[in-house]
Amino acid sequence: FNILISSLQRQKLIIMKLRSILTTLSLVVLMSLNAQETNAPKFGKGLFNLVGKDSTWTMKVGMRFQTLTTFNYDANNGLSNSRSSILIRRSRLKFDGFAFSPKLKYKLELGLSNRDQSGGSQFTSNAPREILDAVLKWNFSGKWVLWLGQTKLPGNRERVISSGNMQQVDRSLLNSRFNIDRDVGIQLRHKFNLTDQFIVKEIFSIAQGEGRNITTGNIGGYQYTTRLELLPFGEFSGKGDYSASDLKFEKKPKLALGFSYDLNNDASKTRSNMGSYMINDTGFYSTNISTVFVDAMYKHNGFSLMAEYANRNADDPFAKNSDGSLTGDEVQVGNGLNIQSGYLLSKTLEISARYTNIDLDQSVTGKANENQYTLGLSKYLSGHKLKIQTDLSYTDIGFKTNQLMYRFQVDIHF
């Protein structure tokens with residue numbers, strides 16, 4: 001009987017995934033049939049572009065995926081404890097354009113791989129988390145833009161950089177421990193020139209504070225994020241302040257400084273809007289969680305440098321029951337530092353290095369200090385749109401556990 005139930009559940013998940021994929025493909029076909037113009041752009045600029053008959057809407061359809069091979073080796077336990085995996089790390093469908101007016105833009109991005117959809121639970125109606133981004137961007141006045149929907153919050157720079165525009169195979173440990181990822185809400189964005197060159201950008205965000213694709217509503221309070229960015233030497237070429245590596249070979253030095261503050265009021269997850277829910281005898285434990293990010297991006301003539309610092313605190317990091325007893329959960333409070341640099345030996349070949357330190361509060365989390373050192377090599381066949389990347393990382397945890405990790409990835413964007 002248990003085997004039968006398990007089989008039925010697996011079949012149900014397969015049917016749900018097939019239905020989702022067929023629905024998406026049907027939508028694309030229908031729009032293609034009803035569009036005035038269908039043309040194939042150059043490689044890396046989308047699969048095709050659609051323009052409505054009356055030119056009141058446009059849509060660019062894109063697709064990308066990454067294949068990843070990983071080998072892990074624990075120096076303390078020898079080859080007997082080594083692990084390897086080969087998987088589709090990411091697989092995405094992306095739709096963007098404008099609706100009714102060029103001042104009203106939109107973006108829809110769907111995740112198709114198992115890793116993209118993972119995290120389904122009772123809080124997501126036990127459904128895969130397929131929707132990554134679903135956001136409207138309304139330029140309602142001058143340089144003021146209002147965003148509405150689900151998208152990345154304005155947290156650390158490394159997280160906001162697309163996973164397809166990374167300098168190494170994947171993001172750093174700082175990002176995995178402290179990032180605030182995606183959520184549903186509104187963002188108000190603005191920028192202005194302080195001088196002819198000096199640009200200032202501001203972002204204000206209010207979100208639900210529970211993470212992406214949550215269907216059970218808001219358990220705690222709301223999440224408030226503000227970010228300030230300073231670009232003293234003007235804009236980067238090709239939005240390079242949010243793209244790793246200096247593939248544009250900036251002729252003049254370019255610098256971007258970012259400062260973010262995030263407050264998740266009455267948060268019920270161990271990592272602000274990320275991590276697991278802190279459940280107690282009355283439902284959920286909640287506390288105010290604040291996160292600070294300071295980051296920088298510098299580029300010039302093929303050289304790039306990105307640095308980030310993160311700090312997370314909570315009013316009371318220990319989850320408790322109504323009688324004051326501990327539940328065993330705690331907020332992941334502490335600090336993180338990440339420094340990453342790369343240099344293009346030619347227009348298509350880059351070497352890179354990264355150092356990451358994670359210093360969680362051991363008195364709260366019981367976790368030792370982590371240091372990770374990474375060397376990377378990237379071959380850009382068509383910029384970030386078609387590339388081969390590999391890196392080797394050494395991690396020490398509390399100066400006791402030594403780990404080696406080798407990764408190889410192929411990334412393609414249409």
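For the chain, which whole-number percentage of the solvent-accessible area (1.4 Å probe, protein heavy atoms only) is attributable to carbon and sulfur atoms?
61
Can you run phi through the Karplus equation (6.51, -1.76, 1.60; θ = phi - 60°) for the stretch 203-218 and list ³J(HN,Hα) in whole Hz, with x for Gly and Pro?
9, 10, 9, 10, 10, 5, x, 10, x, 8, 6, 7, 10, 8, x, 8
So, in nm, how far is label L194 from label T365 when the simple model puts each one 7 Å beyond its Cα toward the Cβ?
3.3
Place a label point 7 angstrom from the Cα of A353 along the Cα-to-Cβ direction, then list the residues of the stretch 299-331 whose backbone nitrogen is under 18 Å away.
Only 299-300, 302-308 fall inside the zone, counting backbone N under 18 Å.
Calculate, axis by axis, the spread of Cα positions in the stretch 295-356 along the three principal axes, and write the results as whole Å, longest axis first.
64, 18, 14
Please state, rounded to one decimal and in Å, the Kirkwood hydrodynamic radius that the stretch 50-130 gives when every pair of distinct Cα atoms enters the mean of 1/r.
About 16.1 Å for the stretch 50-130.
In bins 5 Å wide, starting from 0, what share of all Cα pairs of the stretch 273-414 does each bin hold, as a percent?
In order of increasing distance, the bins hold 2, 8, 13, 14, 14, 13, 11, 9, 7, 4, 2, 1, 0 percent.
Quick one: length gained pulling F259 to E235 fully straight, 0.36 nm per residue minus the C-alpha distance?
Length gained between F259 and E235: 6.9 nm.
Got the relative contact order for the chain handy, in percent, Cα pairs under 8 Å and 6 or more residues apart?
Result for the chain is 13 percent.
So for the stretch 197-352, Kirkwood radius off the Cα pairs, Stokes-Einstein at 10 °C and 1.306 mPa s: how many µm² s⁻¹?
Diffusion coefficient, whole number: 89 µm²/s.
How many times 2.2 N^0.38 Å is the alpha carbon radius of gyration of the stretch 187-267?
Ratio of Rg to 2.2 N^0.38 Å for the stretch 187-267: 1.42.
If you take the Cα atoms of the stretch 333-414, find Rg, then find the Kirkwood Rh from the mean of 1/r over all pairs, what is Rg/Rh?
1.11
Between S141 and K320, what is the spin-label point distance in nm, taking each point 7 Å from the Cα along the Cα→C-beta axis?
So the label points at S141 and K320 sit 4.6 nm apart.
Counting residues in the stretch 251-303 as N, plug N into 2.2 N^0.38 Å and put the Cα Rg over that result.
1.85
Points 7 angstrom from Cα along the Cβ direction at S113 and L377: gap in nanometres?
2.2
Mind ranking S84, S205 by accessible surface for me, highest first, 1.4 Å probe?
Descending accessible area places them as S84, S205.
Using only Cα atoms, what Kirkwood radius does the stretch 95-220 have, in angstroms?
16.3
The values are calculated or read from the model by the stated rules, or taken from the named source; none is laboratory data. Not measured: the values here are computed from a predicted model. When we count neighbours, we look across all protein chains shown, and the Cβ atoms used for this are built from the backbone with ideal geometry, even at glycine. Protein only, heavy atoms only, side chains kept; ligands, DNA and RNA dropped before computing areas. Shrake-Rupley method; radii C 1.70, N 1.55, O 1.52, S 1.80 Å.
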